[in-house]
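The structure appears right after this line, and notes come after that.
The values are calculated or read from the model by the stated rules, or taken from the named source; none is laboratory data. Everything quoted here is computed from the prediction, not taken from an experiment. A quick note on method: Cβ atoms are made from the backbone with ideal geometry, for glycine too, and the neighbour counts reach across all protein chains shown. Keep in mind that these areas ignore ligands, DNA and RNA; they rest on the heavy atoms of the full protein, side chains included. Shrake-Rupley method; radii C 1.70, N 1.55, O 1.52, S 1.80 Å.
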Amino acid sequence: MAPTRTHLAEARRIADELAAIVRTGSVLPGSIVERHMVCGRPNCACHAERDRRHGPYYQWTRKLASKTVGRFLSPEQHEDYEAWISNDRRIHELIRRIEQLGIEALEADPRTRRQQRGAP
Ligand SMILES: [Zn+2]
């Protein structure tokens with residue numbers, strides 16, 4: 001059973017966009033959070049007032065085997081790597097989209113039997 005023409009046309013669009021993103025090489029998992037922090041000086045105003053905290057500092061984090069790992073980034077790194085993270089998100093969206101087309105194809109296949117209780 002071959003995919004339909006519209007399925008194939010969309011698959012090609014997905015492949016083109018995926019290839020264009022991957023070719024940039026600018027792909028980074030995780031996310032960047034902005035942090036405002038208290039310092040070690042005991043009399044600093046940052047301890048008493050939230051908006052006197054220091055920052056912003058940018059922290060890149062990602063989940064690694066259910067543990068979160070992070071690195072602090074310079075402001076320039078923050079600007080650069082935001083685009084890399086967007087690319088990573090887009091890649092995952094595109095993969096979910098091609099998977100969804102596969103699911104729809106299976107569901108539309110006349111040989112697919114409706115799930116019945118107790119049926120194999
Ligand atoms: Zn402080």
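Below are the figures for this structure:
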{"quantity": "Residues that are more than 9 Å from the ligand (Cβ to nearest atom) and touching a strand residue (DSSP E or B) at 6+ places or on another chain (Cβ under 8 Å), drawn from region 33-50", "calculated": "Val33, Glu34, Arg35, His36, Arg50"}
{"quantity": "In region 43-81, the residues that are basic (Lys, Arg) and more than 15 Å from Pro29 (Cβ to Cβ)", "calculated": "Arg50, Arg52, Arg53"}
{"quantity": "Identity of the residue in region 1-17, outside any helix (DSSP H, G or I) and touching a residue at least 40 places away in the same chain (Cβ under 8 Å), that ends up most open to solvent (accessible area, probe 1.4 Å)", "calculated": "Met1"}
{"quantity": "Pairs where the first residue, in region 21-40, is part of a loop (DSSP other than H, G, I, E, B) and the second is among the β-branched types (Val, Ile, Thr), C-beta under 7 Å, 6+ apart", "calculated": "Val27/Ile21; Val27/Ile91; Leu28/Ile85; Gly30/Thr61; Gly30/Ile85"}
{"quantity": "Residue check, Arg97 surrounded by 11 or more Cβ atoms within 10 Å (Cβ to Cβ), touching a residue at least 40 places away in the same chain (Cβ under 8 Å), closer than 20 Å to Ser26 by Cβ and of a type outside the set (A, V, I, L, M, F, W, C)", "calculated": "no"}
{"quantity": "Evaluation of Ala20 against (1) in contact with a Pro (Cβ under 9 Å, 6 or more places away or on another chain); (2) open to solvent by less than 80 Å² (accessible area, probe 1.4 Å) (one fails), failing number", "calculated": "(1)"}
{"quantity": "Of residues in region 100-114 being of a type outside the set (S, T, N, Q) and open to solvent by less than 60 Å² (accessible area, probe 1.4 Å), the one farthest from the chain's Cα centre (by Cα)", "calculated": "Asp109"}
{"quantity": "Single residue of Arg62, Arg71, Arg97 found to be more than 16 Å from the chain's Cα centre (by Cα), among the charged types (D, E, K, R) and either assigned to a helix (DSSP H, G or I) or more than 16 Å from the ligand (Cβ to nearest atom) (or both)", "calculated": "Arg71"}
{"quantity": "Region 74-94 - residue that is of a type outside the set (Asp, Glu) and open to solvent by 80 Å² or more (accessible area, probe 1.4 Å) and, of those, nearest to the ligand (Cβ to nearest atom)", "calculated": "Pro75"}
{"quantity": "Tally of residues being surrounded by fewer than 12 Cβ atoms within 10 Å (Cβ to Cβ) and either in contact with a helix residue (DSSP H, G or I) (Cβ under 7 Å, 6 or more places away or on another chain) or more than 29 Å from Ala83 (Cβ to Cβ) (or both) across region 52-63", "calculated": "0"}
